[in-house]
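One structure below.
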Amino acid sequence: MPELPQPPQAVAVRPADPAPYALTPERRALLDTLRYAEGTWKNGSPDGYRVLYGGGLFDTLERHPEIVVHQRYTSAAAGAYQFLPATWEAVARQLGLSSFEPHNQDQAALHLIERRGALQLFDRTGLNADVLARLAPEWASLPAHHGGSYYGQPVKSRQELVAFYDSALARHENAG
């Protein structure tokens, strides 16, 4: 009698962390735009979630890597939204996030957007100068009302960011 195949072994799956923020096509496009501004877009590749300040990649998404990089500036920013370690730790604790995985980085970024008073404004009005200005203190690559960086660093122009956002939104709406 032929031997029957064995049933597959159960795989331990960690329960998903809480996701208090809905990911509408508009919000996905906003998150993509932040990644684009921060230099972590990588053509939408998941590698963008593993970017260190300066462009290098780190290995694991189990936790914030806390690697200090010395270039033009010195920073330990990491991930798709270039979280500083203290910012990540505080937001992860507030939201109950257990890892630095992409879905958790997205939720943490939306939390920071809300904390800056920009999430409801964005949901009502879309990406505009007021939304970008509210987010500029959080992300140095975004233009404040005067058009420059809140921190004196290089920024993307409003026009470039809105054009990227519009393209990202069309992509997410077409993805269904």
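Considered as a group, the residues in the range 1-36 that are under 30 Å from VAL68 (Cβ atoms) and modelled with pLDDT of 95 or more include one that is most open to solvent (accessible area, probe 1.4 Å), and that residue is TYR36. Checking PHE100, PHE122 one by one, the residue that is surrounded by 16 or more Cβ atoms within 10 Å (Cβ to Cβ) and either small (Gly, Ala, Ser) or assigned to a helix (DSSP H, G or I) (or both) is PHE122 and no other.
Taking the range 37-79 as the range and being out of contact with any Leu (no Cβ under 8 Å at 6 or more places or on another chain), in a loop (DSSP other than H, G, I, E, B) and open to solvent by less than 20 Å² (accessible area, probe 1.4 Å) as the test, the residues that pass are THR40, HIS64, GLY79. The lone criterion from (1) of a type in the set (Val, Ile, Thr); (2) at pLDDT below 95; (3) touching a Gly at 6+ places or on another chain (Cβ under 6 Å) left unmet by THR74 is number (3).
The test for being more than 19 Å from ARG35 (Cα to Cα) and either part of a strand (DSSP E or B) or open to solvent by less than 50 Å² (accessible area, probe 1.4 Å) (or both) does not hold for LEU110. I'd like to check something: does the range 137-147 contain any residue that is open to solvent by 50 Å² or more (accessible area, probe 1.4 Å) and at pLDDT 95 or above? No, the conditions are met nowhere in the range 137-147.
Starting from the range 101-114, keep only residues that are modelled with pLDDT of 95 or more and of a type outside the set (Gly, Ala, Ser), then list their pairs with residues that are open to solvent by 10 Å² or more (accessible area, probe 1.4 Å) and not in a helix (DSSP H, G or I) whose Cβ atoms are within a distance under 6 Å, requiring at least 6 positions of separation or different chains. That search, which allows pairs on different chains as well, returns GLU101/LEU61; ASN104/ASP17; ASN104/LEU97; GLN107/ALA19; GLN107/TYR21; LEU110/TYR21; LEU112/GLU138.
Scanning the range 128-176 for residues that are more than 16 Å from the chain's Cα centre (by Cα) and part of a loop (DSSP other than H, G, I, E, B) yields a total of 15. Given the criteria under 16 Å from the mean Cα position of the chain (by Cα), at pLDDT 95 or above, surrounded by fewer than 21 Cβ atoms within 10 Å (Cβ to Cβ) and farther than 16 Å from THR33 by Cβ, does ALA90 qualify? Yes, satisfied.
For every residue, the table says whether it meets (1) of a type in the set (A, V, I, L, M); (2) closer than 28 Å to ALA16 by Cα.
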position: ARG63; (1), (2): no, yes
position: GLN82; (1), (2): no, yes
position: PRO102; (1), (2): no, yes
position: VAL131; (1), (2): yes, no
position: ALA136; (1), (2): yes, no
position: GLY152; (1), (2): no, no
position: ALA163; (1), (2): yes, no
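The values are calculated or read from the model by the stated rules, or taken from the named source; none is laboratory data. Everything numeric in this text was worked out from a predicted model, so none of it was measured. Heads up, the Cβs are rebuilt from the backbone with ideal geometry, glycines too, and the neighbour counts pull from every protein chain shown. Heads up: the accessible areas ignore ligands, DNA and RNA and are worked out on the full protein's heavy atoms, side chains in. Shrake-Rupley method; radii C 1.70, N 1.55, O 1.52, S 1.80 Å.
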